[in-house]
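Since the structure comes first, as structure tokens, the remarks are kept for the end.
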Amino acid sequence: MSMRTQTAPNVRTALYEAPGPRARRRIAIGTAASAVLLALLAALVVRQFYVTGQLAPRYWSFLLEWPTWRFLLQGFVGTVEVALTAGAIALVLGLALMLGRTSGIAPLAALCRVVTDFFRGVPSLLLIYFFFLVVPQYGIQMPSFWMLTLPVALAASGVLAEVFRAGVNAVPKGQVEAALSIGLSPAKTMRKIVLPQAVRYVIPSLIAQLVVVVKDTTVAYVVSYPDLMQNARVLITNYDALLSMYLVVAVIYVLINFAINKASVYVARRTGVKIIR
């Protein structure tokens, strides 16, 4: 008598039934038809670019020159500096907002909730305009780096506060009750038991949030900060190469965000956190 080994069901098998032969045939036909339509659409776009002269060498030849890439590299460094600094500030502020909201002190919890909801709801571009137009009216002069970094960090901190809170809520309540029963104070329980596990749970989400921070830096033109997008705009003005320059910058941003996503997956695997795909 043979025994069959049964694998534990995952989320995908629990929610979706395995497709049969007819369903697989339809999926294959739909995939092939979509690929053909996308190829035709791409061909039409390239043809239109050719008709309008956007594929002329003068719009692309400057990309073969080292000064062009050096200028873009300088902007890339500026983007990385803003993204890392804003991410670090958002991480600390988001953690502080979460701790205040879960502190059990009613006034502090209410204040942190209002601040979190405010930063989550207000677009980062509006915060940048506030630092650029309103703050100088009170005699506070800030470099363009901070006029971009601080608003991006504040906008991200509201999201990170909720990410941290989700991690705290994911820690089994029995561990908290056990820690309190052996005499640990609520503060020590949070610091020694809850917080280390919560951070481990949300590390992939924290890294993935850096993608949003990187994308928020693309509005650096408001404060004339020389990031990747701003330097690309300068090259577009000099060479009148809108299509080629934006295409190159788009590829660079896609590669950056792809690397960040891969990093989050790697960290998730190293820490044993499951990611549903």
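Below are the figures for this structure:
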read-out: Charge dipole (the chain, unit charges on Cβ, about Cα centre) - positive-most of Val213, Ile140, Val163; value: Val163
read-out: Largest to smallest accessible area among Trp66, Trp146 [probe 1.4 Å]; value: Trp66, Trp146
read-out: Anisotropy class of the range 38-137 from Cα gyration tensor, a/c 1.5 cut; value: prolate
read-out: Heavy atoms of Met142 accessible to a 1.4 Å probe, total area in Å² rounded to 10; value: 50
read-out: Charge dipole (debye, nearest 20) of the range 129-234; +1 at Cβ of Lys and Arg, -1 at Cβ of Asp and Glu; value: 340
read-out: Where Asp227, Asp117 fall by accessible area, highest first, once all protein chains stay in place (1.4 Å); value: Asp117, Asp227
read-out: The range 117-214 - percent of accessible surface contributed by carbon and sulfur, probe 1.4 Å; value: 67
read-out: Val234 versus Leu55: modelled label distance in nm, points set 7 Å from Cα along the beta carbon direction; value: 3.2
read-out: Nonlocal Lys pairs with alpha-carbon distance under 17 Å, the chain (8 or more apart, or different chains); value: 4
read-out: Exposure of Lys192 as accessible area (Å², to 10), given a probe of 1.4 Å and all protein chains; value: 120
read-out: Projected area, mean over directions - the range 70-191, Cα convex hull, nm²; value: 10.0
read-out: GNM top mover of Ala106, Ala18, Ala86 - the chain, alpha-carbon springs below 10 Å; value: Ala18
read-out: Surface accessible to a 1.4 Å probe, Phe130 within the full protein complex, Å²; value: 100
read-out: Approximate spin-label separation Leu180-Ala250, in nm, with each point projected 7 Å along Cα-to-Cβ; value: 5.4
read-out: Alpha-carbon centroid distance for the pair the range 38-88 / the range 208-276, whole angstrom; value: 12
read-out: The chain, helix-only ellipticity at 222 nm - DSSP H runs n ≥ 4, -39,500 (n - 2.57), divided by all residues, nearest 500; value: -24000 deg cm²/dmol
read-out: The chain, relative contact order in percent, only Cα pairs under 8 angstrom and at least six apart counted; value: 22
read-out: Charge dipole (debye, nearest 20) of the range 72-186; +1 at Cβ of Lys and Arg, -1 at Cβ of Asp and Glu; value: 180
read-out: Among (1) -0.60, -0.82; (2) -0.79, -0.99; (3) -0.43, -0.64, the entry derived from the coordinates for log10 I(q)/I(0) by the Debye sum over Cα atoms at q = 0.10, 0.12 Å⁻¹; value: (2)
read-out: Accessible-area ranking of Arg165, Arg47, largest first, probe 1.4 Å; value: Arg47, Arg165
read-out: Unit charges at the beta carbon, dipole of the chain: most positive-side option, Ala83, Phe131, Ala178; value: Ala178
read-out: Magnitude of the charge dipole, the chain, Cβ model with Lys/Arg +1 and Asp/Glu -1, debye to 20; value: 1320
read-out: Residue-count net charge about Ala263 - beta-carbon cut-off 15 Å; Lys, Arg +1, Asp, Glu -1; value: +3
read-out: Label-to-label distance, nm, for residues given as Ala35 and Phe118 (7 Å Cα→Cβ offset); value: 5.3
read-out: Range in the chain, longest, excluding exposed GluC sites (Glu not before Pro) [loop by DSSP; at most 16 other beta-carbon atoms within 10 Å]; value: 66-277
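The values are calculated or read from the model by the stated rules, or taken from the named source; none is laboratory data. Because the structure is a prediction, the values reported are computed rather than measured. Glycine also receives a Cβ, built like all others from the backbone with ideal geometry; neighbour counts cover every protein chain displayed. Accessible surface is based on the protein model in full, side chains and every heavy atom, while ligands, DNA and RNA are left aside. Shrake-Rupley method; radii C 1.70, N 1.55, O 1.52, S 1.80 Å.
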